[in-house]
Amino acid sequence: MGDTKGFRNNCKKVILNMNETIDKEIRNENLNLASKEVKRKVSKKNFAEAIKEFISPYHVSTNKYELESASADLTSLPSYHYKFKKNYLASIIVRPADTESLSLLMKKCWELSFPMTIRAAGTSCFSSATPSKGGVIIDMRRINKIINIDPERMTVRVGAGISWLNLIERLSDYGLAPKAYPTSFKTSCVGGFIATPGKAGIGVPKYGTMIDSILSLILVRPDGKIENITKDSKGEISLEDIAGTYGIYGVISEVELSLTSLQTSLEIVGYGFSSLEKAINYYKALMREVPNKPFFLSISERSFEKYSHVNFPEQDWLVWAVYYDNPDNASRSVSEAERLASNLNGVSVDRSYLKEKWRDISDAEVAIGRTSRNLIFQEYWISNDRLLLFYEYYLRRSSKYKFPIATYTISGQQGWSRVKVFGLSDIARTAEFFTVKAFLHDLSKQTFKQGDSLYTIGIVNTFYLLKYRSEFVNQRKELKNKLDPKDLLNSYRIVKARMKYWRISLLFTLAKFLYKIFNLRFK
Amino acid sequence: MSEGKEKKDIRDVITSGPPVAGLISPSRENLIEPKTKEKEEKFDYERCTHCGYCRHVCKVYNTSWCETDYAGGRNRIIKALDRKDIKFDKEEIIPSIYRCMLCGNCKVVCPVGINTLEVFQNLRKAVVKKGAMPEKLSILRDSILCNNNPYMEQHVDRFNWCEENEYGKEAYERAKKELAAIDEAIAAGDLEARKPKPHKVGYFIGCTSSYRNKELVNATSDVLGKLGIEFVLFPEERCCGSVLFRTGLEDEAMDLVKQNYKMIRESGVSEVVFSCSGCFSTFTLEYTKFAGGKLGFDLYHLTQYVLKTVKEKNLKIRYPKRTKDDPLLITYHDPCHLGRYCGVYEEPRELINMIEGVKLFEMKHNRDMSWCCGAGGGVKALYGDVAGEIGRDRIAETRTCMVIIREDRLKEALETNAEVLVSSCVFCKNNLFQVANEDNSPIKVMDISQLLNECEFYK
């Protein structure tokens, strides 16, 4: 018996010594490659067990199918594209239920130097919500409670993982509605729209951008510290730092939003134009000259309508606006919109077509996927003053290619618009796929050259910022280094790029060259 | 939660788009057909753009928050398996494949028109062929193949309920006589010349009503009898195969299809009535496909048949326990198999609205955007009775999903202030009845056959 006890004690000592050794190794920042491997294995095991103390085991998953699915986003690209990024696949998914467990989780990640990727609906594309260094995916969808609706103050406090549609449905019971939300509201979440630009969408032309609606929010910093940030916060981080910076400074956990009331009248006007210039002039005039700003405003190319609809307006450009207001204001706006259209020879578009477009506003851009197996697109953030310049360049470039191309624009904050350009190809046709990307790359270069920018940056587009907006990047980098020196949270967004500009340019030049050769040969 | 102003009905707001867009299925009339339809619908997943719009309507995802539980996430897995980006693992893949009610709401909202039901049923079929199958599925399969029902009951007991039901007993005896006549006619070599002439209407009962929910079969027989319909049963009736089709065992189901189809054709009926939405949808979809598009007899769900008869005979319906001024407040739950699978939304409503002394209130999510009760897709059959396992494994997690989903549906029914939740599917009725019972809910759950049986039909 004595011998057995002694043996057990010896074993315990050995295990304790091992643990101490491992802990020391983990703490040692100058680990060699071999000990890094040890650290990864041991940490991962301990990590999963440790977090189960404060997060339900249901919501800590290492199921490989779930990891595969959660590590991708809407831009469904073939695997070679993902492998271009460093370690695109997460090793664990965790779904915390509240700010406290989120904070504990992030503290644990910070302690173990685990890369963290924040994810909710993953709809903003360009790898905005996918891992770039493996590690942990923190899925925010369970932090989705409506904490408080105050009908008198017209405010709501919600968990950032709530989907816009759930929020909209719930608020409607009180006669209330959010002021601004994305066209992807059927699936996207509140926190995501703040962290990605949130500068264009439904309600934005009338009520301002997402940031204008935020009264306060709770941010969990990369080290797990919880911070309440308001419009007047004078601390290290401001609301402006958080909006549109893809979660590099912390995770938005709760948000307090100012609301508007549900309106009683909805009017839609739409006009077709054969001249691009007139269409853009009309689009700008609707924002500038009509007394009440539209709730939604868009301009689309004929091909955009054609690739998804059986019957569609004949003119090359469609400009349409939604007025959601009280009956007097709405009808005044419509009269004014009609007057402006007649001055520019706009051709009135059938109301039933516009009604259907509004009803399917979320689906419109996806519906053109009916013509291809993939949606390959880029989003540009263009000043209205330079919209014509951009579109002229777009028309010149697009005439060189045979694959279907389409574009539409939605109005953002005052004076700016989000232009979305699609190249409807099939990723199975690799050469064509890269040519589409090359075409979009040319438009990106033009965008920066004319003084504009891209709308969604994510991981994929960060190299453009480094190339063309170094001052902006350096400002952001300073705060990032302060809050997250190890670059653990949402790495490779805004301040650091995985891809090199020259490499991409070379690849796309080659793609265009090959496309040209093959096209000539086929002719 | 601050409760300030009086609640407004979202439908009072005059708009066809946001904010009510999420409650209304997208418009499809003017959308072009997907160009990539050159392949069968089971390959539709290739067209998935992963927009995630199916995510919002997926009740399973909104309970489990697991990325593989909604259509887009699952499509991503199929693509990854296709591309060999990920290896097939028959243990790990099961929850991703089987934790789906096959409710079809994702199909309704899919902007690119993917037939998700076809894709996922085919996926289950492929996965079963590779040897991945939930443990209980093999038991279900064996029971159906041995006993012609999934409940491990004796086939000979299928019509025991007839003993206590006058109309059922008569229908069974009529059918028995017909069978004898058929045998004689076949022996004589002329099936057409048989006497007595075949009856026009047959009632296909289904396994659940035969063995578990006899109140439904009794109510249906009584309603048909009260309407003066001389119907027959099918004494050789077997499981329709619905469970097998939904769970990936299509090959095993085909024998049942052949036998049931032959049985109905030989009986000579021209109209077959179903009280079970699962059987109805299986006949409408799979049997019709098997018969090359033409079954040779018409299919009716009970609600359709009663409506048709009432109109033909110019009858009125009254719920005698209540009056027009003090009506029974009812909300109607659309079963996935009747609604999204077969497009029957209006007939049950028209029928309920015809009943004097009853008033219908709609739930927020209705018709093609109706929430699933949580029992479909074999989920209840495969995971429903894993009681006490909550918190331990993913099977238990699936059960938790199911419980939450049915609770949500009941909550929505309660919001209408209805006294009774009526459905027209035995599985919906059972699942919702169970949760109402467990929660001591003030709302009563019943099948539409039971409601109709409490009504009077008069000129």
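The values are calculated or read from the model by the stated rules, or taken from the named source; none is laboratory data. For clarity, every value in this text was computed on a predicted model and none was experimentally measured. Here Cβ is always computed from backbone atoms with ideal geometry, including for glycine, and neighbour counts include all displayed protein chains.
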Could you say which residue among A:GLU227, A:GLU267 is charged (D, E, K, R), surrounded by 17 or more Cβ atoms within 10 Å (Cβ to Cβ) and either in a strand (DSSP E or B) or within 14 Å of chain B (Cβ to nearest Cβ) (or both)? A:GLU267
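Residues checked against (1) touching a Phe, Trp or Tyr at 6+ places or on another chain (Cβ under 9 Å); (2) among the aliphatic types (A, V, I, L, M); (3) farther than 24 Å from A:VAL421 by Cα; (4) surrounded by fewer than 16 Cβ atoms within 10 Å (Cβ to Cβ):
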{"site": "A:ASP452", "(1), (2), (3), (4)": "yes, no, no, no"}
{"site": "A:VAL473", "(1), (2), (3), (4)": "no, yes, yes, no"}
{"site": "A:LEU479", "(1), (2), (3), (4)": "yes, yes, yes, no"}
{"site": "A:LEU483", "(1), (2), (3), (4)": "yes, yes, yes, no"}
{"site": "A:ILE494", "(1), (2), (3), (4)": "yes, yes, no, no"}
{"site": "A:PHE513", "(1), (2), (3), (4)": "no, no, no, yes"}
Taking the residues in the stretch A:129-185 that are in a loop (DSSP other than H, G, I, E, B) and touching a helix residue (DSSP H, G or I) at 6+ places or on another chain (Cβ under 6 Å) as candidates, determine which candidate is nearest to the other protein chains (Cβ to nearest Cβ). A:PHE185
Tell me yes or no: at least one residue of the stretch A:405-426 is surrounded by 16 or more Cβ atoms within 10 Å (Cβ to Cβ), free of Cβ contacts under 8 Å to residues at least 60 places away in the same chain, within 23 Å of A:CYS189 (Cα to Cα) and outside the structural domain of A:LYS284 (by TED's automatic domain parsing). yes
Test set (1) crowded, with 24+ Cβ neighbours inside 10 Å; (2) at pLDDT 90 or above - A:SER71 fails condition number: (2)
Determine the pairs where a residue that is over 19 Å from A:PRO96 (Cα atoms), located within the stretch A:149-164, has a partner that is among the hydrophobic types (A, V, I, L, M, F, W, C) and surrounded by fewer than 18 Cβ atoms within 10 Å (Cβ to Cβ) with Cβ atoms under 7 Å apart, the partner being 6 or more residues away or on another chain. A:ILE149/B:MET1; A:THR155/A:LEU215; A:VAL156/A:ILE146
Would a scan of the stretch B:110-130 turn up a residue that is farther than 22 Å from A:SER425 by Cβ, facing chain A (nearest Cβ under 7 Å) and in contact (Cβ under 8 Å) with a residue 40 or more places away in the chain? no
For the stretch B:29-56, what are the residues that are part of a loop (DSSP other than H, G, I, E, B) and either at pLDDT 80 or above or more than 9 Å from chain A (Cβ to nearest Cβ) (or both)? B:GLU29, B:ASN30, B:ILE32, B:LYS37, B:GLU38, B:LYS39, B:GLU40, B:CYS48, B:THR49, B:HIS50, B:CYS51, B:GLY52
When you check A:GLU356 against the structure, is it under 19 Å from A:VAL419 (Cβ atoms), within 33 Å of the chain's Cα centre (by Cα), assigned by TED's automatic domain parsing to the domain that holds A:LYS293 and assigned to a helix (DSSP H, G or I), yes or no? no
For the stretch B:66-83, which positions are aliphatic (A, V, I, L, M) and facing chain A (nearest Cβ under 7 Å)? B:ILE77, B:ALA80
Which one of these is farther than 15 Å from A:LYS278 by Cα, surrounded by 23 or more Cβ atoms within 10 Å (Cβ to Cβ) and of a type in the set (Ser, Thr, Tyr): A:SER300, A:SER372, A:SER331, A:SER398? A:SER372
Unmet criterion (only one of (1) crowded, with 19+ Cβ neighbours inside 10 Å; (2) under 26 Å from A:GLU100 (Cβ atoms); (3) more than 14 Å from every other protein chain (Cβ to nearest Cβ)) for A:GLU236: (1)
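Matching residues to (1) assigned by TED's automatic domain parsing to the domain that holds A:GLY270; (2) more than 19 Å from A:LEU276 (Cα to Cα):
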| residue | (1), (2) |
| --- | --- |
| A:PHE312 | yes, no |
| A:SER335 | yes, yes |
| A:LEU344 | yes, no |
| A:VAL347 | yes, no |
| A:ASP360 | yes, yes |
| A:ASP363 | yes, yes |
| A:SER383 | no, no |
| A:TYR393 | no, no |
Could you list all residues from the stretch A:337-353 that are part of a helix (DSSP H, G or I) and either aromatic (Phe, Trp, Tyr) or touching a helix residue (DSSP H, G or I) at 6+ places or on another chain (Cβ under 9 Å) (or both)? A:ALA337, A:LEU340, A:ALA341, A:ASN343, A:TYR353
With the requirement that a residue be part of a helix (DSSP H, G or I) and touching a residue at least 24 places away in the same chain (Cβ under 8 Å), what does the stretch B:149-159 give you? B:HIS155, B:ASP157
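Condition check ((1) touching a Phe, Trp or Tyr at 6+ places or on another chain (Cβ under 7 Å); (2) in the same structural domain as B:GLU252 (by TED's automatic domain parsing); (3) aliphatic (A, V, I, L, M); (4) not in a loop (DSSP other than H, G, I, E, B)) across all residues:
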| site | (1), (2), (3), (4) |
| --- | --- |
| B:GLY296 | no, yes, no, no |
| B:TYR305 | no, yes, no, yes |
| B:THR323 | no, no, no, no |
| B:ASP326 | no, no, no, no |
| B:GLY339 | yes, no, no, no |
| B:ARG349 | yes, no, no, yes |
| B:ASN353 | no, no, no, yes |
| B:GLY374 | no, no, no, no |
When the stretch A:270-313 is examined, which residues are found to be modelled with pLDDT of 95 or more, more than 14 Å from chain B (Cβ to nearest Cβ) and assigned to a loop (DSSP other than H, G, I, E, B)? A:SER274, A:SER275
Quick one: in the stretch B:304-346, of everything that is polar (S, T, N, Q) and within 22 Å of B:LYS444 (Cβ to Cβ), which residue is surrounded by the fewest Cβ atoms within 10 Å (Cβ to Cβ)? B:THR323
Any chance B:LYS59 is part of a loop (DSSP other than H, G, I, E, B) and more than 10 Å from every other protein chain (Cβ to nearest Cβ): yes
Would you check if there is a residue in the stretch A:464-471 being of a type outside the set (A, V, I, L, M, F, W, C) and closer than 24 Å to A:GLY122 by Cβ? yes
